[in-house]
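The values are calculated or read from the model by the stated rules, or taken from the named source; none is laboratory data. These figures come from a predicted structure and were not determined experimentally. With ideal geometry, Cβ positions are generated from the backbone for all residues, glycine too; neighbour counts draw on all protein chains shown. When the accessible area is computed, the model is the full protein with side chains, heavy atoms only, and any ligands, DNA or RNA have been set aside. Shrake-Rupley method; radii C 1.70, N 1.55, O 1.52, S 1.80 Å.
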Amino acid sequence: QVQLVESGGGLVQAGGSLRLSCAASGSIFSINYMGWYRQVPGNQRELVATITGGGNTNYADSVKGRFTISRDGAKNTVYLQMNSLKPGDTAVYYCKLVQVLTTYWGKGTPVTVSS
C-alpha cells in the first residue's frame, strides 16, 4: 500500500502564491508518475499537472505559465508551485500516484483564492 499526504493549501488573495506538497510513503518501488488534480463540488476532477518518474511534465492549459510541478525523488515528494492565483483556481487539490497498474489518491487539500 501507498499513502499520500498533501499539505500547503489555504486561503490566498488573487495574484498570490501557494506551494503544495505531497509526500508518498509505503510500498514504493516504481513510480510511473505523480500529479495534481483538482475538483470543485459538482464538477469532475480535472488534471492540473503531472510529472513522470523520468521528470517529464504535463500541464493543463489553464495553469501553464503559472504553476510548476517538481519532485524530490529521494523523498518521494511532489510539489506544485502555484503563482498568479485566480479565483477560478479555487478547488480541492488532490495528489495522485500511479505505480505499475495501481492508482493512489491523497485526501486532498483545499485552496481558496479570494478576489
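Could you look at the range 42-115 and say what percent of its accessible area is carbon and sulfur, using a 1.4 Å probe and all protein chains? The computed percentage sits at 46. Its Cα gyration tensor gives the chain an equivalent ellipsoid; the semi-axes, largest first and in whole Å, are 23, 14, 13. Per residue, the accessible area of the range 3-49 comes to 54 Å² when a 1.4 Å probe rolls over the protein heavy atoms. Pick from Arg38, Arg66, Arg19 the residue whose mean-square fluctuation is largest in a GNM of the chain, springs joining Cα atoms under 10 Å. Judging by the Gaussian network model, the answer is Arg66. Computed over the chain, relative contact order equals 36 percent, with contacts defined as Cα pairs under 8 Å that lie 6+ residues apart. Working from label points 7 Å from Cα in the Cα-to-Cβ sense, the Ala23 to Asp61 distance is 3.8 nm. Rounded to the nearest 20, the size of the Cβ-charge dipole of the range 1-104 about its Cα centre is 80 debye, with Lys and Arg at +1 and Asp and Glu at -1. Pairs of lysine residues in the chain that meet both criteria, 8 or more places apart or on different chains and Cα atoms under 20 Å apart, total 5.
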